[in-house]
1. Is it fair to say ALA127 is more than 22 Å from ALA14 (Cα to Cα) and either outside the structural domain of ASP280 (by TED's automatic domain parsing) or within 19 Å of the chain's Cα centre (by Cα) (or both)?
2. Has the stretch 411-422 got any residue that is modelled with pLDDT of 95 or more and crowded, with 17+ Cβ neighbours inside 10 Å?
3. Output the number of the condition that GLU151 fails; it satisfies all remaining conditions of (1) buried (at least 20 other Cβ atoms within 10 Å of the Cβ); (2) under 30 Å from GLY301 (Cβ atoms).
4. Can you find even one residue in the stretch 180-194 that is assigned by TED's automatic domain parsing to the domain that holds ALA281, closer than 22 Å to GLY18 by Cβ and basic (Lys, Arg)?
5. Just for the stretch 67-99: of the residues that are of a type in the set (A, V, I, L, M), in contact with a strand residue (DSSP E or B) (Cβ under 7 Å, 6 or more places away or on another chain) and outside the structural domain of LEU324 (by TED's automatic domain parsing), which one is nearest to SER183 (Cα to Cα)?
6. Please count how many residues of the stretch 336-356 are over 30 Å from THR223 (Cβ atoms) and surrounded by fewer than 22 Cβ atoms within 10 Å (Cβ to Cβ).
7. Take the residues in the stretch 83-112 that are surrounded by fewer than 14 Cβ atoms within 10 Å (Cβ to Cβ) and at pLDDT 95 or above; name whichever of them is farthest from ALA267 (Cα to Cα).
8. Here are some conditions: (1) in contact with a Cys (Cβ under 9 Å, 6 or more places away or on another chain); (2) within 21 Å of GLU34 (Cα to Cα); (3) modelled with pLDDT under 95; (4) not aliphatic (A, V, I, L, M). TYR176 meets all but one. Which one does it not meet?
Amino acid sequence: MGSEFDAIIVGAGAAGIGAARRLAAQGKSALLLEASSRLGGRAFTQDFGGYPLDLGCEWLRSGDRNAWVAIAEASGFLVDRSDPPWTKAHPGIAWDEDDEEAARKAFGDWNERLTQVAQVSDRASDALEPGGEWNAYVRAIAGFMSRVAPERISAADYLAYDAASTGWNWHLPLGYGALVVASLPSSVTLRLATSVERIDRTTEGVAVSTRAGTVRARDAILTVSTAVLAGDAIRLPSGTEPWREAAAALPLGRNEKVFLEIGCDAAFEPDSHAYGNLRDARSAAYSILPNGWPVIGAFLGGDGARILEEEGPAAGFAHATAELVALFGSDVASAVRPLAATSWSRISSIGGAYSCALPGQSQARARLAQPFEDRLFFAGEATHPFDFTTAHGAHDSGQRAADEALAALRERHRFGRRGPLSAA
């Protein structure tokens, strides 16, 4: 493995690729190391019979200020700016309009009470109405957004994201994951299926050890998930314990998806939306015939995603099918068949969905984003102060970490030190 690089980037998700793009634009040499056999991390588009389905991130959140929009348009990717399907309820659903209005109001009331809770316990569950009729619905929606139960959500952290979101959600018909993968500059050296085992200080920078050997550079940018960072898969230099503690305060929640293929003619409305059981915290949100494809995508968060994590994909398919039958009638059971299911919590190199600050720990994001001795830099969605849980937050954090590394390189150059390290 070559060892003459300005920077080594650990993790080839949206953050790692964002960092690589910045370094390449500045003419710096970068080595990108990825533990899995593919690029993209939690951005993953997979083709199923001609349907490019996003198994991970799917929506260009805050699209009017999302860096991936410009990248997409420069790369020839169509950006669909039409309203997302959840704004268009499927007309054939058996649902109670009064119940839905009451459930939505309960969620809005919970959201308003979070401001006061953030100043006291900071535990989002304290904003639930005691014995509230629609608490299960609130839990389900909170699970979609924060990936964990309200007992483990920092109200301040939740509100920071909510305040920054512009509400514009756009779509990439060819796939968000496909865009992230396609955006890696060809000048960046990539090594897939290369797990990093340890990172050590050297006299002039860092040494990164893998099973394929050790490579050295001036700087390293670490973009792995908080689940990996808080664990023991990668040995870090002494003195980095506060960064591991910050990562542990930002655990990954659960988000999973189940896709069902529509195998025969059925009266479904294209590009529409349905919600499962308003009174079940495990309910899924359903995207019906996205882009006109004969597919139904079920999105599960928090308690719902736990079904797939603990019981496997068959249980996830059964749960989604049962909810669809309750919504559309018994004929649905024979009209759909399993197509795909995710298992983010079971992937050791990731370990879950996206980060959520524990109560009282919203400042952990800023602590995790701090450089270590101007030679080890941290990026990833968890390090963004308000765009966490998003691919654009991850991308922007990678660019921020790359800028910090570039500043450190310039500072060393001022003192007459050499450029990239040679093998030792």
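The values are calculated or read from the model by the stated rules, or taken from the named source; none is laboratory data. Remember, predicted model here, so these are calculated numbers, not experimental data. A quick note on method: Cβ atoms are made from the backbone with ideal geometry, for glycine too, and the neighbour counts reach across all protein chains shown.
1. In short, no.
2. Within the stretch 411-422, not a single residue is modelled with pLDDT of 95 or more and crowded, with 17+ Cβ neighbours inside 10 Å.
3. Failed condition: (1).
4. Among the residues of the stretch 180-194, not one is assigned by TED's automatic domain parsing to the domain that holds ALA281, closer than 22 Å to GLY18 by Cβ and basic (Lys, Arg), which makes the answer no.
5. Here is the first cut: in the stretch 67-99, the residues of a type in the set (A, V, I, L, M) are 67, 69-72, 74, 78-79, 89, 93-94.
Okay, now just the ones that are also in contact with a strand residue (DSSP E or B) (Cβ under 7 Å, 6 or more places away or on another chain), so 69, 79, 89, 93.
From what is left, the residues that are outside the structural domain of LEU324 (by TED's automatic domain parsing) are 69, 79.
On the way: VAL69: 12, VAL79: 15 Å.
Among those residues, the one meeting the criterion is VAL69.
6. So the count comes out to 3.
7. Ranking the qualifying residues of the stretch 83-112, first place goes to GLU112.
8. Status for TYR176: all satisfied but (3).
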